[in-house]
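Scroll down for the structure; my scribbles are underneath it.
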Amino acid sequence: MHIFNFKAYSLKDYKFPLFIAALCLNLIGLRIIGIVQDPVDRLYEKQIFGILVSVFVVIAVSIIDYHFIAKFFIILYIINIGLLLLVFSPIGHAYYDARRWIDIPKLGQLQPSEFSKFLIVITMAAFFNHYKDKLGRLRTDIWLAALAAVPVLLVLLEPDLSTTIVLTVTFICMAYASEIPYKIVLPTLLIMVMLVAGIMWYVMQPGEKILIKDYQIDRFIAFLHPDDPAYADLNWQQNLAVRAILHGGLFGRMFSSTILKESLNCSIIPAIESDFIFSAVAEIFGFAGCGIVLGLELFIVIKGIKIARKAPDFLGRMIAIGISSIVALQTIVNVGVSAMLLPNTGIPLPFMSSGLSALMGNSLMLGVLMNVGLQHKVKEESNGESLFYGMSLGSYKGPLY
């Protein structure tokens, strides 16, 4: 197998609209960051650098055959676990009670959970492809769920509840797309609902500190009682976000003489450049700007689903479904938190929020998605060619280390 599969590529099949939509989101996010940033942090300059690098990453990855990338699925799985474990090592870095970053000398900080989204999609798509002839068997389904549970659990322990939810639901979407029989899917979903209900009951008990931190429980309780003065200190960030959204009106304040940072409600919201960037979009660009941003995010999701439908093989379909699910779920959670429709649990808005790790993770996913779309006219299954050390995932029957 070669790195590039130029025989299957056609320039007319290159997903330029997908690339342009993501770049538009990058530039809108850059403009927002330029308005609300603290000059001392130099986030604007860092974001420009990140966007330039991400453009190169998207273009480079989009011409790399996704079969070649999936060929190293076990290695990628081990790398994913290793990166997530490093946050608990001496080089791990914590803000408040969350330990989600790795300190890299001279380069800054890396957030493994942002790359984990890409790595989980690729590795789980490859595992699904390997076992596709055995899907629906209880032993196989449990094994696949266990493989997905390891990195997801490590993300939960950081703790990063929002990313945990996104990764879990993404795995469910991929399982559904894999055509596992309903007699397996429905009972599994019922068990998961009961399990989630049990976990929610458990974490609400006094003194529970194993799965969820005290501040996360407090945020959930505060969300259930938004008008209770007793929880005003916990809801103030989301209350400010909602105020900023309402203050934007139809067309926002972009062309207003009062666009100065000091006059913006959103400028005093912590993490406005990342987890709450949607509230800044609403205040500066108004309802119309929010519609454009959500329209671009929806466009990427819909194009991803279309790519999945036209994918040349099962592996490509699973990758496209996984990436589309992550973009959709992250957008829903980010906007829901900003609009106080969901409890306060931070997650970046895809292709817009500040952060080099998020930009690079999104770029890798977009590049692979575009490569799947670039090969949609290939009719042959990839079973006849190596996906792992000279053997296809569909034919390899040896142990998965």
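Within the range 21-49, residues that are without any contact (Cβ under 8 Å) to a residue 60 or more places away in the chain reach partners that are of a type outside the set (Ser, Thr, Tyr) with beta carbons closer than 6 Å, at six or more positions or on different chains, in the pairs LEU30/GLN47; TYR44/ILE33; TYR44/GLY34; TYR44/GLN37. Among the residues that make up the range 25-43, is at least one of them among the β-branched types (Val, Ile, Thr), part of a helix (DSSP H, G or I) and touching a strand residue (DSSP E or B) at 6+ places or on another chain (Cβ under 8 Å)? No, every residue in the range 25-43 fails to be among the β-branched types (Val, Ile, Thr), part of a helix (DSSP H, G or I) and touching a strand residue (DSSP E or B) at 6+ places or on another chain (Cβ under 8 Å). Between a residue in the range 235-251 that is among the charged types (D, E, K, R) and any residue that is not in a helix (DSSP H, G or I), which pairs come within a Cβ distance under 7 Å, given they are 6 or more apart or on different chains? From the range 235-251, the pairs are ARG243/ASN265.
The residues in the range 6-60 that are among the charged types (D, E, K, R) and within 24 Å of the chain's Cα centre (by Cα) can be counted, and the count is 4.
Every test in (1) modelled with pLDDT under 85; (2) more than 30 Å from GLU45 (Cα to Cα) is passed by LYS310 save one, and that test is (1). Among the numbered criteria (1) in a loop (DSSP other than H, G, I, E, B); (2) at pLDDT below 90; (3) more than 17 Å from the chain's Cα centre (by Cα); (4) not aliphatic (A, V, I, L, M), which one does SER267 miss? Against the list (1) in a loop (DSSP other than H, G, I, E, B); (2) at pLDDT below 90; (3) more than 17 Å from the chain's Cα centre (by Cα); (4) not aliphatic (A, V, I, L, M), SER267 comes up short only on (1).
Restricting the search to the range 88-134, which residues are of a type in the set (A, V, I, L, M) and outside any strand (DSSP E or B)?
To start, the set of residues in the range 88-134 that are of a type in the set (A, V, I, L, M) comprises 91, 94, 98, 102, 104, 107, 110, 119-122, 124-126.
Within the range 88-134, ILE91, LEU107, LEU119, ILE120, VAL121, ILE122, MET124, ALA125, ALA126 meet the criteria.
If you go through the range 1-24 and keep only what is out of contact with any helix residue (DSSP H, G or I) (no Cβ under 6 Å at 6 or more places or on another chain), at pLDDT below 90, among the aliphatic types (A, V, I, L, M) and surrounded by 12 or more Cβ atoms within 10 Å (Cβ to Cβ), you end up with just ALA8. Listed conditions (1) touching a His at 6+ places or on another chain (Cβ under 7 Å); (2) modelled with pLDDT under 85 are all met by ILE102, apart from (2).
Against the numbered list (1) under 25 Å from ILE245 (Cα atoms); (2) out of contact with any Ser or Thr (no Cβ under 8 Å at 6 or more places or on another chain), LEU43 comes up short only at (2).
The values are calculated or read from the model by the stated rules, or taken from the named source; none is laboratory data. If you're wondering where the values come from, they're calculated on a predicted model, not measured in any experiment. Note that each Cβ is placed from the backbone with ideal geometry, even for glycine, and that neighbours are counted across all protein chains shown.
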